[in-house]
């Protein structure tokens with residue numbers, strides 16, 4: 001019989017899609033109020049690997065990432081996604097320029113993988129609870145992030161890899177201090 005070990009805490013982050021740059025400061029403040037202090041923020045990247053969100057979000061869409069200072073248990077991913085869904089609803093009511101002003105994609109990084117939360121079930125996703133699923137989107141191997149067949153095109157492209165490496169290195173430095 002295998003021995004159960006307490007898992008190490010992980011580093012939570014949120015991917016942010018929007019076509020309304022002026023909402024970003026208020027969104028950052030709201031995320032920090034809900035999920036804790038922000039320690040890293042990426043540059044904005046064009047979200048042009050797919051047109052999936054263009055109709056409801058408008059164009060041009062950008063993506064950027066924020067990470068949160070405190071490490072926490074991976075088991076909090078579902079509750080984090082529920083929180084970010086509530087924040088999306090708040091911003092839907094405040095910013096009426098488009099049908100969906102913001103899309104928040106929370107997840108976490110640990111040594112060997114990047115995990116995203118989703119409300120959509122599929123063969124490669126595991127139910128966490130409350131209608132929230134987890135997907136291993138990238139894995140870390142041979143010094144770089146590697147995609148899976150189901151990895152989203154923008155994550156597959158490698159354009160986020162430098163920031164994700166910074167995020168992973170920050171996580172590892174924080175974990176060494178535990």
Looking at residue 33, is it out of contact with any strand residue (DSSP E or B) (no Cβ under 7 Å at 6 or more places or on another chain), more than 24 Å from residue 171 (Cβ to Cβ) and free of Cβ contacts under 8 Å to residues at least 12 places away in the same chain? no
Hand me the list of strands (runs of 3 or more DSSP E) wholly inside region 88-178 holding 2 or more residues that are on the phi < 0 side of the Ramachandran plot, surrounded by 13 or more Cβ atoms within 10 Å (Cβ to Cβ) and touching a strand residue (DSSP E or B) at 6+ places or on another chain (Cβ under 8 Å). 102-109, 113-118, 132-141, 144-147
Considering only region 26-43, how many residues are surrounded by 15 or more Cβ atoms within 10 Å (Cβ to Cβ) and out of contact with any helix residue (DSSP H, G or I) (no Cβ under 8 Å at 6 or more places or on another chain)? 1
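Pick from 21, 7, 60: which is more than 15 Å from the chain's Cα centre (by Cα), surrounded by fewer than 18 Cβ atoms within 10 Å (Cβ to Cβ) and under 25 Å from residue 168 (Cα atoms)?
Just one listed residue meets the conditions, 7.
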Residue pairs qualifying under the 8 Å Cβ cut-off, at least six apart or on distinct chains, with the first in region 49-62 being without any contact (Cβ under 8 Å) to a residue 12 or more places away in the chain and the second being outside any helix (DSSP H, G or I) and buried (at least 17 other Cβ atoms within 10 Å of the Cβ), are 54/61
Which condition number in (1) closer than 15 Å to residue 14 by Cβ; (2) under 13 Å from the mean Cα position of the chain (by Cα) is the one that residue 113 fails? (1)
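Read-outs throughout are calculated quantities, based only on the coordinates presented, and are distinct from any laboratory measurement. The shown structure was predicted, so the numbers you read here are calculated from the model rather than taken from an experiment. Note: ideal-geometry Cβ built from the backbone for every residue, glycine included; neighbour counts use all protein chains shown.
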